[in-house]
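Notes to accompany the following structure.
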Amino acid sequence: TQLCLERRDLTGACRHAARALEVAEEHDPERYLPLIRAHLARALAPSRPDGARALLRAVKEVLAFAPVPRRAQTQMVAAWAYHALGEDKDAREQAEIVLANSSSRGYRLLKLEALSLLCQVGDPAERDAHRDAGRALAREFIASLSPELRRSFGRRPFLKNLEKKR
């Protein structure tokens, strides 16, 4: 689902998320269900915003019961879904929570993704600071990766948000 979302294949993302929901509703020891619902909400946002909002409400109801790493992942995907719905206040709120929690827990990739989204939806006065912090963190990632992983990492769509806005 996530790969389809990154490639902007919303139909494929919906198909994969629907299948994942079927599986997770029967057996979900790792508690992926809220994360899957958030991914589906993100995929549905452009074409079925009411369905996406309903999924996000369902996610919000159970999020407090999710284990911390899964909660942070889910909040990040929910932030992107809110952004896709044009609800940037909610997107910013979720991204700021992810940023705070990922910073204190060492979830560097989630921190980078939160900084990336905050470059778009964050407080305008703080966007340059988020961009600078995101660029520095991206450089740290790249320095620790092999050449083939560097290319793959560099293709992550959210990294484009770290480019200087003109």
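The values are calculated or read from the model by the stated rules, or taken from the named source; none is laboratory data. Remember, predicted model here, so these are calculated numbers, not experimental data. No Cβ is skipped: glycine too gets one built from the backbone with ideal geometry, and neighbour counts run over all protein chains shown. Just the protein is used for accessible areas: all its heavy atoms, side chains included, with ligands, DNA and RNA removed. Shrake-Rupley method; radii C 1.70, N 1.55, O 1.52, S 1.80 Å.
Rounded to the nearest 0.05, the FRET efficiency derived from the C-beta distance between GLU26 and ALA100 at R0 = 22 Å is 0.05.
Under 20 Å Cα to Cα from LYS89, which aspartates and glutamates show up? Leave out anything in the same chain fewer than 8 places away. Candidates past the 8-residue exclusion: ASP50, GLU61, GLU113, ASP123, GLU126, ASP128. For region 1-159, the solvent-accessible area of protein heavy atoms averages 54 Å² per residue (probe radius 1.4 Å; ligands and nucleic acids excluded).
To the nearest 20 debye, what charge dipole does region 1-111 have about its Cα centre, counting +1 at the Cβ of each Lys and Arg and -1 at the Cβ of each Asp and Glu?
Dipole magnitude for region 1-111 comes out near 260 debye.
3J(HN,Hα) couplings calculated from phi for region 82-87 with the Karplus curve 6.51 cos²θ - 1.76 cosθ + 1.60 (θ = phi - 60°) are, in sequence order, 4, 4, 5, 7, x, 9 Hz; Gly and Pro show x.
Taking a ≥ b ≥ c as the square roots of the eigenvalues of the Cα gyration tensor of region 15-91, is the shape rounded (a/c under 1.5), prolate (a/b larger than b/c) or oblate? Oblate, because a/c is 1.5 or more while a/b does not exceed b/c.
Computed packing ranks the peptides 47-53, 107-113 as 107-113, 47-53, most packed first, by mean other Cβ atoms within 10 Å.
Keeping all protein chains in the complex and leaving out DNA, RNA and ligands, what accessible area do you get for LEU99 with a 1.4 Å probe, in Å² to the nearest 10? So the heavy atoms of LEU99 present about 30 Å² to solvent.
Of the solvent-accessible surface of the chain, computed with a 1.4 Å probe and all protein chains present, 51% belongs to carbon and sulfur. A simple spin-label model places the labels of ALA64 and ARG156 3.1 nm from each other, with each point 7 Å out along Cα-to-Cβ.
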